[in-house]
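Novice: Let me begin by handing over the structure; questions about it come next.
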Amino acid sequence: MSTLYERLGGEAAVDAAVDLFYRKVLVDERISQFFDTVDMDAQRAKQKAFLTFAFGGPSAYSGKDMRAAHRGMNLTQEHFDAVMENLGATLAELQVPAEWIAEAAGIAASVKADVLGH
Amino acid sequence: MTVATLRFQEQAFEAEESETVLECLLRHDVAVPSSCRAGVCQSCMMQAEPGTALPERAQRGLRPSLRQTGHFLACQCPVVEGLQVGSFEQPSCSATVEVVRWASERVARVWLRPERGLGQLPGQFVNVVRPSDGTARSYSVASRSDDALLELHVAQVPDGKLSPWLARAVGETVTLRGPHGDCVYPEDDLDAPLLLAGTGTGLAPLLGVAREALARGHRGRVVLVHGSLDLDGLYLWRELCGLEREYPQLELIGSVGPDAGPYAGVGAELLRRELIEPLLRAELKKLAGWHVYLCGSPAVVKSLKRWAFLAGAALDHIHADPFEPAASV
């Protein structure tokens, strides 16, 4: 019984997904202001860490880390939904089965309260 | 129980069995940045002595140019006896200024003879320090590693603290520190198309990479674009045209502002009266599989980096070297 991360293809899958995901959020006007930073390599590393986490991969991030990282950004449900939408679109583009996309979405959604500061 | 000694910035730290570099340094209260501890976030990136054999795990996820220069993730790297890490600005070496040629009113080409090889790869930069007062400025290396002399392109900064002096310093000794920087030729990818685009003396690292590519028999396209607001700023234009005639795979484009004066000399047919950004956007739409090098004006470099990424270039393959001016004291 393999984990979602293994089924998706592990780190290689994250690498394939991260550039796709990053390009999508950069041009999504609902959320691009959060991702359009000058240090693109640092931003990409954050995306990679997020996707690793969402794919159920190895990550030492705690809810507290997520909360601290997003503090003061005034994030709304709309922002969260936009990110989730782009995550889904990225996985769909990589031809990941719908059930697995739902699984990844579930993991990502599990930190919603921390991300939105609720 | 100590099983290995780690050297970090001239100090020795005793490491315990299967300790990682990060664990060892944190245990000794050395403030190494870290976050995920899982080899993903790259906060703990450090550099090992050039030539050190590093485990694959400790370099996973790092762009090839960082791997080539000995960078690794401290949280994924077990300490092995004698491992030396930290910043490698020291040791430095002396160099003599041997030749200076003015390429234009504003740019001096300076050739230095270092007392020993710095192991720099063409396109990287070195910090040049004037020994008398420690003033240091960064310049990119336009020459190849096996050239006897290091070639720098020194833009003259009005009332600058180092550039005017350096351009008049034949016979003087300077200290070199480094090398640093990401604009290195991808040794293992002879077929990849290369885009080398820059403004001003951003040409120096681009020229270094281009020379390296051509010398290695690069098979892919090598597109070199040098931009300037005025014609004077294309300070090496004739020489670049010579290179273009010699190497069929080199495509040269000169970009000048719409207000630049008329030009009917060598390579006039390769000159476009269009600023570098709109020129590139119109000329190249898809950059998937390309290696992209962007050097010079920080605003242009940052803007082009975003463009190149959205046009499909992998971020790992975008090598940006913004020439940030020295902060005034």
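Novice: Could you let me know the centre-to-centre spacing of the stretch B:1-41 and the stretch B:112-186, using Cα atoms, in angstrom?
Specialist: Distance between centres, Cα-based: 33 Å.
Novice: At 1.4 Å probe size, with every protein chain present, just tell me what the per residue accessible area of the stretch B:1-120 comes to in Å². Write out the running numbers ahead of the final one.
Specialist: On the way: 6080 Å² over 120 residues.
Computed with neighbouring chains in place, this is 51 Å² per residue.
Novice: Set the Förster distance to 41 Å, then compute FRET efficiency between B:ALA12 and B:GLU187 from the Cβ-Cβ distance, nearest 0.05.
Specialist: On the way: r = 34 Å, r/R0 = 0.82.
With R0 = 41 Å, the Cβ-Cβ based efficiency is 0.75.
Novice: Where in the stretch B:284-321 does accessible area fall by at least 10 Å² between the isolated chain and the complete protein assembly, at a 1.4 Å probe radius?
Specialist: So the qualifying set is B:LYS302, B:LYS305, B:ARG306, B:PHE309, B:LEU310, B:GLY312, B:ALA314, B:LEU315, B:ASP316.
Novice: In degrees between 0 and 90, to the nearest 10, how far off the longest principal axis of chain B does helix B:203-215 point, with axes built from Cα atoms?
Specialist: That helix lies at roughly 80 degrees to the long axis.
Novice: Across peptide B:139-152, how many C-beta atoms of other chains are within 10 Å of each residue C-beta, on average?
Specialist: Details: counts 0, 0, 0, 0, 0, 0, 0, 0, 0, 0, 0, 0, 0, 0.
Taking all residues of B:139-152 together, the mean is 0.
Novice: Leaving out ligands and nucleic acids, and using a 1.4 Å probe, what accessible area per residue does chain A come to in Å²? Intermediate results must be reported in sequence, preceding the final value.
Specialist: On the way: 5930 Å² over 118 residues.
So chain A comes to 50 Å² accessible per residue, rounded to a whole number.
Novice: Quick one: with all protein chains in place, what share of the accessible area of the stretch B:183-273 is carbon or sulfur, to the nearest percent (1.4 Å probe)? It would help to have the intermediate numbers written out before the result.
Specialist: Details: 1780 of 3640 Å².
Carbon and sulfur atoms account for 49 percent of the accessible area of the stretch B:183-273.
Novice: With a/c under 1.5 counting as rounded, go ahead and sort the stretch B:15-123 into rounded, prolate or oblate using the C-alpha gyration tensor (a ≥ b ≥ c being the square roots of the eigenvalues; past the cut-off, prolate if a/b is larger than b/c, else oblate). If you can, show how the numbers build up before the last one.
Specialist: Values: a/c = 2.88, a/b = 2.31, b/c = 1.24.
Here the stretch B:15-123 falls in the prolate category.
Novice: Now for a separate question. Once you put a point 7 Å from the Cα of B:LYS285 and another 7 Å from the Cα of B:GLU49, both along the Cβ direction, what distance in nm separates them?
Specialist: 5.3 nm
Novice: Counting only DSSP beta bridges with both residues in the protein assembly as shown, what percent are antiparallel, rounded to the nearest 5? Let's see the in-between values first.
Specialist: On the way: 38 of 66 bridges.
Of all bridge pairs located within the protein assembly as shown, approximately 60 percent are antiparallel.
Novice: Sticking with this one: Among B:GLY208, B:GLY134, B:GLY198, whose mean-square fluctuation peaks in a Gaussian network model of chain B (Cα, cutoff 10 Å)?
Specialist: B:GLY134
Novice: If R₀ is 30 angstrom, what is the calculated FRET efficiency for the pair A:GLU6 and A:ARG30, using the beta carbon separation as r and rounding to 0.05? Display every interim value, and only then the final one.
Specialist: On the way: r = 32 Å, r/R0 = 1.08.
E between A:GLU6 and A:ARG30, to the nearest 0.05, is 0.40.
Novice: Taking a 25 Å limit on the Cα-Cα distance, which of the listed pairs A:LYS46/B:LYS302; A:LYS46/B:LYS285; A:LYS64/B:LYS305; A:LYS24/A:LYS64; A:LYS24/B:LYS285; A:LYS64/B:LYS302 fall beyond it? List each step's numbers first, then the result.
Specialist: On the way: A:LYS46/B:LYS302 19 Å; A:LYS46/B:LYS285 27 Å; A:LYS64/B:LYS305 33 Å; A:LYS24/A:LYS64 27 Å; A:LYS24/B:LYS285 17 Å; A:LYS64/B:LYS302 33 Å.
Exceeds cut-off: A:LYS46/B:LYS285; A:LYS64/B:LYS305; A:LYS24/A:LYS64; A:LYS64/B:LYS302.
Novice: Ignoring ligands and nucleic acids, what accessible area does B:GLU98 show with a 1.4 Å probe (Å², nearest 10)?
Specialist: Approximately 70 Å² for this residue.
Novice: How large, in percent, is the carbon and sulfur part of the accessible surface of the stretch B:1-116 at a probe radius of 1.4 Å? Don't skip to the answer; put the middle values down first.
Specialist: Details: 2690 of 5910 Å².
So the carbon and sulfur contribution to the accessible surface is 45 percent.
Novice: Taking a probe of 1.4 Å and counting only protein heavy atoms, give the total accessible area buried between chains A and B in Å², rounded to the nearest 100. Don't jump to the answer; show the numbers that get you there.
Specialist: Numbers: alone 6730 and 15530 Å², together 20640 Å².
Result for this pair: about 1600 Å² buried.
Novice: Taking square-rooted eigenvalues a ≥ b ≥ c of the alpha carbon gyration tensor, is the protein assembly as shown rounded, prolate or oblate, where a/c under 1.5 means rounded and, failing that, a/b exceeding b/c means prolate? Please list the in-between numbers first.
Specialist: Values: a/c = 2.08, a/b = 1.35, b/c = 1.54.
Judged from the Cα gyration tensor, the protein assembly as shown comes out oblate (a/c at least 1.5, b/c at or above a/b).
Novice: If you count only protein heavy atoms with a 1.4 Å probe, what accessible area per residue comes out for the stretch B:159-279, rounded to a whole Å²?
Specialist: Heavy-atom SASA per residue in the stretch B:159-279 reads 42 Å².
Novice: The stretch B:32-73: which residues show an accessible-area loss of 40 Å² or more, assembly versus chain alone, 1.4 Å probe?
Specialist: Hits at the 40 Å² cut-off: B:CYS36, B:VAL40.
The values are calculated or read from the model by the stated rules, or taken from the named source; none is laboratory data. Keep in mind that what you see is a predicted model, and the values were worked out from it rather than measured. Quick reminder, even Gly has a Cβ in these numbers, built from the backbone with ideal geometry, and neighbours come from all protein chains shown. The protein model used for the area step is the full one, side chains on, heavy atoms only, and it has no ligands, DNA or RNA in it. Shrake-Rupley method; radii C 1.70, N 1.55, O 1.52, S 1.80 Å.
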